[in-house]
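Presented below is the structure to which this report refers.
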Amino acid sequence: MASPVAAKERINWALQQLMAGRGSSAVVSEMAEKWGISRRQAQRITSKAHQTLVQDLDHVERTHLTAQLIHMLMASAEQAMKAKNSGAVVGISRELRALVGLGADHAPSRPGTQMGRFGRSGTWS
């Protein structure tokens, strides 16, 4: 059994890996190899790290998280435009539109307009 300090170090390492975007399976595999522990133990540690990550996100206000995402997407769009990567700009623009609720599919319906969502038949409703 690991000392409390070693256990905390492992959880923090797993948390850093998850925050960096690594998948749980990859974190479990590398942890088992890195510290010479069983895969099952590595899964328990990774699960604790994941719970910590979720708890941290529960305390972040939705408005602040949305603002961070918008800022990140805008900075990415700027880099894509500098690199003349129009495909990335289009993709980023779509993500921004969905995030902030812009576009015809998000607009409130107005009487006498053709805007609306596709119905089951595939025609404008």
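The values are calculated or read from the model by the stated rules, or taken from the named source; none is laboratory data. It should be emphasised that the depicted structure is a prediction, and the values quoted were computed from it without experimental measurement. Neighbour counts are summed over all protein chains in view; Cβ atoms, including those assigned to glycine, are modelled from backbone coordinates with ideal geometry.
Here are the numbers for the structure shown:
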| read-out | value |
| --- | --- |
| Condition met for Arg10 (among the charged types (D, E, K, R) and assigned to a helix (DSSP H, G or I)) | yes |
| Total residues in the stretch 40-68, condition surrounded by 12 or more Cβ atoms within 10 Å (Cβ to Cβ) and not assigned by TED's automatic domain parsing to the domain that holds Ala26 | 1 |
| Index of the failed condition, His71 passing every other in (1) touching a Leu at 6+ places or on another chain (Cβ under 9 Å); (2) in the same structural domain as Arg97 (by TED's automatic domain parsing) | (1) |
| Enumeration of residues in the stretch 13-46 that are hydroxyl-bearing (Ser, Thr, Tyr) and either in a loop (DSSP other than H, G, I, E, B) or touching a helix residue (DSSP H, G or I) at 6+ places or on another chain (Cβ under 8 Å) (or both) | Ser24, Ser29, Ser38, Thr46 |
